[in-house]
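Heads up, the thing below is written out as structure tokens.
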Amino acid sequence: MVRVQKEAFDAGAELNAFTQSHTDMGAVVTFSGHVRDHNHAETVSTLELEHYAGFTESEIRKIETEAHNRWSHIRTLIIHRFGTLKPGEPIVMVAVASAHRKAAFDAATFLMDYLKTDAPFWKKETRGDTAHWIEPRETDRIARQNW
Amino acid sequence: MTKILFFGPLREVMGVKEFELDFETTPLLRSDIIARLAKGQSTIAEELGAASVRIIADNSIVADDFDLSASKEIAFLPPMSGG
């Protein structure tokens with residue numbers, strides 16, 4: 001399941017609901033990403049995430065479908081936010097359930113590596129009085145390429 | 001009318017998120033749209049024409065030589081920084 005939303009989410013509550021709805025699965029791995037309060041030795045006040053409504057959802061669904069093609073018996077939950085976020089707020093959550101742990105760990109890493117490079121979002125971070133567009137990172141590109 | 005959309009840094013370069021234009025040309029290539037939007041401003045032509053900028057036509061990623069004349073919505077996407 002893919003959700004792209006402006007509203008904050010409670011990663012713990014989402015994890016509990018996801019786990020309860022997949023009682024046939026013995027392993028659940030989750031990742032959640034949050035807004036850092038500093039970057040480049042400066043204090044971060046806000047992080048704006050811009051998306052392309054409709055297209056962003058469909059591209060994330062493609063990533064999810066690819067994970068299901070690679071690990072056939074997993075269940076997945078992907079939540080990604082847009083809008084203006086403050087430090088500490090959740091940005092993204094990925095949860096993968098599978099019969100055993102390896103597929104859950106691997107698929108969760110795969111989903112995050114792909115989301116980092118292929119999910120249509122543009123991030124703008126405000127540090128001090130200045131806003132900076134976040135550039136894609138080479139390490140993220142390599143992580144995705146290695147799959 | 002064709003809707004043209006810009007995202008992220010490109011939205012700021014263009015100073016607008018979206019607008020509508022009539023294109024009479026067939027075929028209509030990415031380069032034709034850029035020429036019309038840039039109106040001789042080399043900075044805009046360079047930003048929109050950068051190899052890292054992808055074109056989305058009606059929700060599908062298309063190649064540079066794709067004929068956009070039948071597309072209702074065309075988006076210019078700079079490199080993404082999701083997650």
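The values are calculated or read from the model by the stated rules, or taken from the named source; none is laboratory data. Quick caveat: nothing in here was measured; it's all calculated off a predicted structure. Positions of Cβ are generated from backbone atoms using ideal geometry, with glycine treated the same way; all protein chains shown enter the neighbour counts.
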Candidates A:G33, A:G54, filtered to the one that is surrounded by 15 or more Cβ atoms within 10 Å (Cβ to Cβ) and either at pLDDT below 95 or within 11 Å of another protein chain (Cβ to nearest Cβ) (or both): A:G33
Restricting segment B:15-29 to residues that are surrounded by 11 or more Cβ atoms within 10 Å (Cβ to Cβ) and among the charged types (D, E, K, R), the one nearest to B:L68 (Cα to Cα) turns out to be B:E18
Picking from B:S52, B:S69, the residue that is within 14 Å of another protein chain (Cβ to nearest Cβ) and assigned to a loop (DSSP other than H, G, I, E, B) would be B:S52
Name every residue in segment A:93-147 that is assigned to a loop (DSSP other than H, G, I, E, B) and of a type in the set (K, R), in order of residue number. A:R137
Which one of B:L48, B:L10 is out of contact with any Ser or Thr (no Cβ under 7 Å at 6 or more places or on another chain), in contact (Cβ under 8 Å) with a residue 60 or more places away in the chain and not basic (K, R)? B:L10
What about A:P120, is it in contact with a Ser or Thr (Cβ under 8 Å, 6 or more places away or on another chain), within 26 Å of A:D37 (Cα to Cα) and surrounded by fewer than 21 Cβ atoms within 10 Å (Cβ to Cβ)? no
Hits in segment B:15-49 (condition: part of a helix (DSSP H, G or I) and out of contact with any helix residue (DSSP H, G or I) (no Cβ under 7 Å at 6 or more places or on another chain)): B:R30, B:S31, B:D32, B:I33, B:A35, B:R36, B:S42, B:T43, B:E46
